[in-house]
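The values are calculated or read from the model by the stated rules, or taken from the named source; none is laboratory data. Nothing here was measured: the structure is a model prediction, and the numbers come from that model. All Cβ positions, glycine included, derive from the backbone under ideal geometry; neighbour counts span all protein chains shown. With ligands, DNA and RNA removed, areas are computed over all heavy atoms of the protein, side chains included. Shrake-Rupley method; radii C 1.70, N 1.55, O 1.52, S 1.80 Å.
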Amino acid sequence: MSRYKTIDRLAVAGMITLCLIWSLQQPGLKATAEDASPILQIALRSGIGAGLVALYMLLRKEKIQYASLPWLAGAGAGVLFALEYLFLGIGLRYTSAAHGVVFLYTAPLFAAVGLHFTLLSERLTPVQWIGIVLAFIGVIVTFSAPDGGHSSLFGDLFCLLSGASWGATTVLVRTSRLAQVSAAQTTLFQLAGAFIVLLAASFLLGQTRFNPTPLLLANMVFQSVIVSFLSLLIWFALLRRYQASALGAFSFVTPLLGVVFGAWLLNEKINAGFLLGSVFVIGGIVCVSCNQWLEKIITFHRRR
């Protein structure tokens, strides 16, 4: 029997909060990209977030057995987390925030497929495989939808790679000894790895310009304290307690909110092709993440 709990009120409240926070990431990075590149912003926010997590652990007097820590898995999680945001930072230079958030949040699909082949307790059902196919169709439709130059296939592809990296991180956390360490320690591994890798990448790519405008500084506070510190602690705490596929049931809310915020805050134009593709992608996420509820509905109607 799986040791992970099914969704309860605490998980619902936590996931709705996370969806709202995460849906504002891409619009914030896109709105301040002229003052500092997304890659540099994410590197700096990761470093600040890592410092806050370390302080949090110190204040809690959390004891760490350094010799028994899963250093290799932790390093892997840090690299994957860095790749997620490196790909996202590159992608957002060439595509819209709305496209970025939809492709980033294909992560539950990649995680579901990865866990299908690694954990017996999370095998994909027929409904979930249907969701994978729907999402794949949606990605193809979205890639092929012209939008008047606001996005590009190149940028969309990198944002999709960002979602794949996030999905791989979830698989690694669930299938390694990281599942037994504290949420704070897992978060620290990821933030420290992202800070080192992304700061180096920003120098290698020549993206080190930092113009401290009020908007950029406000966004950095939000990204560092709320996104990198609080939201990741909540996410990994939930991931260690509840089924990953059940938590993913709420993930479709984030791209919906991201598209709305992109259109509202950044005046991004949303064309019909992108909307159609997004419907398929989000429908796929629902099938993968809400499969238990969908199967109960199907069974109920069959019995009537």
Subject >> Set of the stretch 188-206 residues, backbone N closer than 20 Å to the point 7 Å along the Cα-Cβ line of SER68 >> reply: 188-189
**OP:** Pop out the ³J(HN,Hα) list for the stretch 258-265 in order, Karplus 6.51 cos²θ - 1.76 cosθ + 1.60 with θ = phi - 60°, rounded to Hz; leave Gly and Pro as x.
**Re:** x, 5, 5, 5, x, 6, 6, 8
Original post:
What is the magnitude of the charge dipole of the stretch 24-85 about its Cα centre, with +1 placed on the Cβ of each Lys and Arg, -1 on the Cβ of each Asp and Glu, and no other charges, expressed in debye to the nearest 20?
Top reply: 320
Subject >> Which of THR32, CYS287, LEU134, positive extreme of dipole for the chain (C-beta unit charges) >> reply: CYS287
Original post:
Between SER152 and TRP129, what is the label-to-label distance in nm when each label sits 7 Å out along the Cα-to-Cβ direction?
Top reply: 3.9
Subject >> Using θ = phi - 60° and Karplus 6.51 cos²θ - 1.76 cosθ + 1.60, couplings along the stretch 70-77 (whole Hz; Gly, Pro as x) >> reply: x, 4, 5, 5, x, 5, x, 5
**OP:** Pop out the ³J(HN,Hα) list for the stretch 153-160 in order, Karplus 6.51 cos²θ - 1.76 cosθ + 1.60 with θ = phi - 60°, rounded to Hz; leave Gly and Pro as x.
**Re:** 4, 4, x, 4, 5, 5, 5, 5
**OP:** State to the nearest 20 debye the size of the charge dipole of the stretch 1-148 about its Cα centre, where the only charges are +1 on K and R beta carbons and -1 on D and E beta carbons.
**Re:** 540
Subject >> Listed values [x] 1.14; [y] 0.98; [z] 1.08, entry calculated as Cα Rg over 2.2 N^0.38 Å >> reply: [y]
Original post:
Ranked from the most accessible area to the least, with a 1.4 Å probe and all protein chains present, what is the order of SER224, SER182?
Top reply: SER182, SER224
Subject >> Placed amide H near LYS5: partners under 5 Å, 5+ positions off or other chain >> reply: TYR242, GLN243
Original post:
Which Cα, out of ILE16, ALA54, SER68, lies furthest along the positive dipole direction of the stretch 1-100 (beta carbon charges, K/R +1, D/E -1)?
Top reply: SER68
